[in-house]
Amino acid sequence: MEETAAYYVVKKRALPEVLSKVVEVNRLLETHKALSVQEAVERVGISRSSYYKYKEDIFPFHDSTQGKTITLACSMDDEPGLLSDVLKIVADFHANILTIHQTIPINGVASLSLSIQILDDDSDISEMVSKMEQSSGVHNVKVIGRE
């Protein structure tokens, strides 16, 4: 019986080091066409067998997001201007806001749901999410869906 594929969005810091290195080998092979797999894995410090085991199963999140819809869930303090700051970050990354819903704050904290369309090939969604999380008053940002 064939196993159904399951997908997860995981922050880089939660990945085993070998998976991050496989992504790096793929990047090296794409940018240095004359480089062999053996040379790339030696540069990164993993075995060829580890590379071949995972090479088809991991890729940077931003690789295939252009023209896609991403749904984010945020938890943030109820502060004047904070929502505007978060929306500015989305705009800075050349994404189009499709839907937005903010709950009524409870104990000074509101939940925000954003659906955004990625318009720019060069936009790094993981960088955008990190920048949002670094905003004072934003507790967390999670990618909860992608179409």
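The values are calculated or read from the model by the stated rules, or taken from the named source; none is laboratory data. Being a predicted model, the structure only gives us computed values, none of them experimental. Glycine gets a Cβ as well: all are built from the backbone with ideal geometry, and neighbour counts include every protein chain shown. Side chains are part of the model used for accessible areas, which takes the heavy atoms of the whole protein and leaves out ligands, DNA and RNA. Shrake-Rupley method; radii C 1.70, N 1.55, O 1.52, S 1.80 Å.
Could you grab me the full set of residues in segment 93-118 that are among the aliphatic types (A, V, I, L, M), closer than 16 Å to V141 by Cβ and modelled with pLDDT of 90 or more?
Hits for segment 93-118 are I97, I100, V109, A110, L112, L114, I116.
With the requirement that a residue be open to solvent by less than 100 Å² (accessible area, probe 1.4 Å) and either in contact with a Lys or Arg (Cβ under 7 Å, 6 or more places away or on another chain) or over 17 Å from R13 (Cβ atoms) (or both), what does segment 131-147 give you?
S135, S136, G137, V138, G145
From the list I116, I97, exactly one residue is part of a strand (DSSP E or B), without any contact (Cβ under 8 Å) to a residue 24 or more places away in the chain, of a type in the set (V, I, T) and touching a helix residue (DSSP H, G or I) at 6+ places or on another chain (Cβ under 7 Å). Which is it?
Just one listed residue meets the conditions, I97.
Just the residues that are modelled with pLDDT of 90 or more, within 18 Å of the chain's Cα centre (by Cα) and open to solvent by 40 Å² or more (accessible area, probe 1.4 Å), please, taken from segment 55-87.
L87
Identify, please: which residue in segment 1-29 is assigned to a helix (DSSP H, G or I) and either of a type in the set (K, R) or modelled with pLDDT under 85 (or both) and is, among those, nearest to Y54 (Cα to Cα)?
K21
M128: in contact (Cβ under 8 Å) with a residue 12 or more places away in the chain, more than 17 Å from K11 (Cβ to Cβ), surrounded by 17 or more Cβ atoms within 10 Å (Cβ to Cβ) and not acidic (D, E), yes or no?
It is false that M128 is in contact (Cβ under 8 Å) with a residue 12 or more places away in the chain, more than 17 Å from K11 (Cβ to Cβ), surrounded by 17 or more Cβ atoms within 10 Å (Cβ to Cβ) and not acidic (D, E).
Considering segment 119-147 alone, what residues qualify as being modelled with pLDDT of 90 or more and assigned to a loop (DSSP other than H, G, I, E, B)?
S135, S136, G137
Can we say V90 is touching a Phe, Trp or Tyr at 6+ places or on another chain (Cβ under 8 Å), at pLDDT 85 or above and open to solvent by less than 50 Å² (accessible area, probe 1.4 Å)?
Criteria not met by V90.
Residue-by-condition table, conditions (1) without any contact (Cβ under 8 Å) to a residue 12 or more places away in the chain; (2) within 30 Å of I144 (Cα to Cα):
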residue: A14; (1), (2): yes, yes
residue: L19; (1), (2): no, yes
residue: V22; (1), (2): no, yes
residue: V25; (1), (2): no, yes
residue: Q38; (1), (2): yes, no
residue: E42; (1), (2): yes, no
